[in-house]
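The values are calculated or read from the model by the stated rules, or taken from the named source; none is laboratory data. Here the structure is a predicted model, which is why all the values come from computation and not from measurement. Every residue, glycine among them, receives a Cβ derived from its backbone with ideal geometry; neighbour counts consider all protein chains shown.
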Amino acid sequence: MNSELASRCVDEAQMLARLHIGSRPPFSITPLVEHFGIREVRERPLDLDARLIRQSGELLIEVNSLFPLVRRRLSIAHEIGHLIVERCSEDPNMQWGHHDPAIEALCNRLAGGLLAPDWALEQHFEAEYGLADWRERVRCTTVISVASKFGISVDTAASRIFCELGLAPRMTAIIWRHRENTVRPGSDVALRIASAWHSKGSGVYIPQNKTSPTNSVISKASRQSGVFSAVEDLSFGTLRGRFQVEASGFGPNSKRTELEGGRNVLSLICPHSGKHPSTTN
């Protein structure tokens with residue numbers, strides 16, 4: 001896959017997302033399904049998120065009924081992303097499958113663009129935060145509220161805000177989840193980096209699976225409700241030094257999360273400005 005193909009796909013997704021104009025988020029997937037002539041979206045238990053089926057000249061999407069609504073929506077949009085890649089490919093006979101990690105990452109990006117288009121996010125920020133200062137007011141609550149409003153995951157909201165649109169260029173968003181080390185099966189469950197999002201060209205590299213410092217507000221946000229902020233010394237890949245850290249837990253409070261050690265956490269990290277930190281809960 002080349003950058004020209006990716007650019008064509010992103011442009012196509014933004015054009016298709018204009019099918020949502022006149023409606024309010026969370027946007028229905030139905031107009032996208034109808035646009036591609038997909039005969040049916042079928043929910044059933046699967047051993048994967050979703051799959052695109054070509055059957056007697058017709059298109060079907062099967063999506064895993066065991067997953068929550070937000071994940072099902074993104075999975076369907078991801079499969080539509082594969083159709084966009086096929087449409088934008090110079091080889092009309094090429095069927096882009098799920099074997100190429102670069103294509104998979106692109107389809108995740110396309111899914112986010114279809115469900116939370118640029119124009120809709122811009123309208124949201126203008127309405128909620130004003131034109132003059134919204135770029136400086138991206139907070140944990142901002143990202144989580146975007147995820148809720150648009151019916152997408154916090155990861156996808158962070159990807160759209162920090163990476164694809166570059167709306168907070170000085171910040172890095174890190175999503176933490178309680179899980180084993182993904183490259184070391186059988187390792188202890190801990191609060192680990194699941195994904196990280198920052199503006200393109202920032203030169204930041206943050207490896208997955210790093211565990212949260214025990215005394216960090218990141219760990220505190222997993223155990224307690226509220227938004228927490230502090231100045232901390234951190235070392236995650238190329239992100240090293242003294243930073244202002246804001247953290248908030250998200251996801252359901254349940255017996256399962258208690259057993260696993262706590263909630264998922266969104267943390268926003270930016271270079272320390274020297275101002276006195278505040279802590280809230």
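When the test is whether a residue is small (G, A, S) and either more than 22 Å from S273 (Cα to Cα) or over 17 Å from the mean Cα position of the chain (by Cα) (or both), S248 does not pass it.
Considered as a group, the residues in the stretch 238-281 that are assigned to a loop (DSSP other than H, G, I, E, B) and among the basic types (K, R) include one that is modelled with the highest pLDDT, and that residue is R263.
Note on the stretch 49-72: residues that are part of a loop (DSSP other than H, G, I, E, B), surrounded by fewer than 16 Cβ atoms within 10 Å (Cβ to Cβ) and at pLDDT 95 or above total 3. When you scan the stretch 216-237, do you find a residue that is more than 23 Å from A168 (Cα to Cα), free of Cβ contacts under 8 Å to residues at least 24 places away in the same chain and assigned to a strand (DSSP E or B), even just one? No, the conditions are met nowhere in the stretch 216-237. Selection of the stretch 185-201 for residues being in contact (Cβ under 8 Å) with a residue 12 or more places away in the chain and surrounded by fewer than 16 Cβ atoms within 10 Å (Cβ to Cβ) yields V189, K200. Does P45 fit the bill of being under 30 Å from I144 (Cα atoms) and loosely packed, with under 11 Cβ neighbours inside 10 Å? Yes, satisfied. Of all residues in the stretch 79-98, one or more are in a helix (DSSP H, G or I), more than 21 Å from the chain's Cα centre (by Cα) and touching a residue at least 24 places away in the same chain (Cβ under 8 Å). With the structure loaded, tell me whether R39 is touching a strand residue (DSSP E or B) at 6+ places or on another chain (Cβ under 6 Å), basic (K, R) and modelled with pLDDT of 95 or more or whether it fails that test. Against the criterion (touching a strand residue (DSSP E or B) at 6+ places or on another chain (Cβ under 6 Å), basic (K, R) and modelled with pLDDT of 95 or more), R39 qualifies. With respect to the conditions (1) over 30 Å from Q14 (Cβ atoms); (2) assigned to a helix (DSSP H, G or I); (3) not charged (D, E, K, R), T182 lacks only one, and its number is (2).
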